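J.: The structure that follows is given in the form of structure tokens.
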Amino acid sequence: MDVRVPEAGAALIIVDVQNDFCPGGALAVRDGDQVVPVLNRWIERFREAGLPVVYTQDWHPEDHCSFEARGGPWPPHCVQGTSGAEFHPALKVEGPAFRKAFRPDQEGYSGFEGRLAEGEGIREDADLASWLKARGVRKVYVGGLATDYCVRATVLDALRHGFAAVLIRDGARAVNVRPDDEAQAVEEMRQKGAEVV
Ligand code: VGL
Ligand code: ZN
């Protein structure tokens, strides 16, 4: 694993490294837990450099529209307040969390749809793009779960918001509903202007 020394104006976004996306979880991503040691090294580098590290959390109510019971594609996962929604226990958590898809009828894959967690609650007026821009961030490095859903959406949204974006490929794993979803997602991110490291 190749960890870069980050430059001024960079921030690290750790996407959805939650128990339910790891082996044994409700929507386990194959080898999802293997991103933890890789991302922990990136987290250390960014913290040593005094640069922001932020975390996103899929944060669904019990009756979320993406769940099969409501005609959605997924089994129940990352239900607010459950252990499945918590970060993987070995992940170094050294920054704020932004929670997304926390209303029953709203899906959201991108971390930029997230709002700042505050205790058990959510500060709906504090979004990720504003938080990063207020800290002079121009470039985001992104890793986590899953490459073909929330990581992809977060990288593409970062570009849309005017940030440079870097995908940490060995710090991300895919669901791969179709076997080539990961490769397609990486190619799309690259084509739309993301760097892949
Ligand atoms: C995700 C499927 C459903 C993700 C979230 O974090 O990539 N995937 N909800
Ligand atoms: Zn979800």
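J.: Show the residue pairs meeting these rules: Cβ distance below 8 Å; 6+ apart or different chains; first residue within the range 56-67 and more than 17 Å from Leu116 (Cβ to Cβ); second residue of a type in the set (Lys, Arg) and surrounded by fewer than 24 Cβ atoms within 10 Å (Cβ to Cβ).
T.: Listed by first residue and then by second, the contacts come to Pro61/Arg103; Asp63/Arg70; His64/Arg70.
J.: Would you check which residues across the range 1-41 are part of a helix (DSSP H, G or I), crowded, with 23+ Cβ neighbours inside 10 Å and more than 16 Å from ligand 2 (Cβ to nearest atom) and list them?
T.: Once the filter is applied, which keeps residues that are part of a helix (DSSP H, G or I), crowded, with 23+ Cβ neighbours inside 10 Å and more than 16 Å from ligand 2 (Cβ to nearest atom), the range 1-41 yields Val35, Leu39.
J.: Here's a follow-up. So, of the residues in the range 81-91 that are open to solvent by less than 70 Å² (accessible area, probe 1.4 Å) and more than 12 Å from ligand 1 (Cβ to nearest atom), which turns out to be nearest to Asp125 (Cα to Cα)?
T.: Gly81
J.: What are the residues in the range 53-100 that are away from ligand 2 (no atom under 12 Å from the Cβ), in a strand (DSSP E or B) and not hydrophobic (A, V, I, L, M, F, W, C), if any?
T.: Tyr55
J.: Of the residues Arg99, Arg115, only one is crowded, with 19+ Cβ neighbours inside 10 Å, charged (D, E, K, R) and touching a Ser or Thr at 6+ places or on another chain (Cβ under 9 Å); which?
T.: Just one listed residue meets the conditions, Arg99.
J.: Just to check your reading of the model, which residue among Gly136, Gly193, Gly171, Gly144 is in a loop (DSSP other than H, G, I, E, B), more than 13 Å from Ala10 (Cβ to Cβ) and not aliphatic (A, V, I, L, M)?
T.: Within the list Gly136, Gly193, Gly171, Gly144, the selection yields Gly193.
The values are calculated or read from the model by the stated rules, or taken from the named source; none is laboratory data. Because the structure is a prediction, the values reported are computed rather than measured. Cβ sites come from the backbone with ideal geometry, for glycine too, and all protein chains shown count toward neighbours. Each accessible area value is taken on the protein alone, full model and side chains, heavy atoms only, with ligands, DNA and RNA left out. Shrake-Rupley method; radii C 1.70, N 1.55, O 1.52, S 1.80 Å.
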